[in-house]
Structures are given as C-alpha cells and as structure tokens.
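First comes the structure, then the notes that go with it.
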Amino acid sequence: MGGIGFSELLLLALIALLVVGPRRLPEVARGLGQMTRMARGAWLNLKSEFQAELDNEHNRRIMEAAEQARRELDLSATGTKDSERERPAGD
C-alpha cells in the first residue's frame, strides 16, 4: 500500500550495484542519503512555516471576533445607559 517492501529494496540495491559498480556504490549511497536529509529538512521547514501561518490566521480570526464582541458589548452598554437617561425618574 504505497510502501517499499524488502524485496523491492533488495532489487533496487542490486540494480544500483550493477549500474554504478561496487567501487562507487558507497559514494552514491552517501550522496543519496545527504540529498534525502536535505529534502526532509526542507519539507519539515515548509511544513512548520505553513503551520505557523495557519496558527497566525486562526489567532487573527479569534482577535477579530473578540474585537467585534467588545464593540457590540460597548454599543449595547451605551444604548442601555442612553435609554435609562431618557426615562423619567418617577417611573
């Protein structure tokens, strides 16, 4: 299911041995390992930056909702005070 099994890995190693040769195989494997590490590092960096951006967007939405709720609360509190002032004191 998308993974590489032992037999596939063994087949790739045998093909690499035949194509590259026994002398250069360790050098090629080392280079391939370094490229794999660099690719993983780049992927993890991209993933963390993307997650940070999503977190920033989420926090921005929360702050906007809180600001909107504060404005609505201020308006309703101001409206209540104004309506209390308009009522006669004797009622």
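FYI, it's all coordinate maths here, none of it is from the lab. Not measured: the values here are computed from a predicted model. Reconstructed Cβ throughout: ideal geometry from the backbone, glycine too, with neighbour counts over all protein chains shown.
Under a model in which nothing but the beta-carbon of Lys, Arg (+1) and Asp, Glu (-1) is charged, region 29-83 shows a dipole of about 560 debye around its Cα centre. Can you sort 28, 19 by how many other beta carbons sit within 10 Å, fewest first? Going from least to most buried by this count: 19, 28. Length available on full extension from residue 69 to residue 25: 0.36 nm per residue minus the Cα-Cα distance, which gives 9.3 nm.
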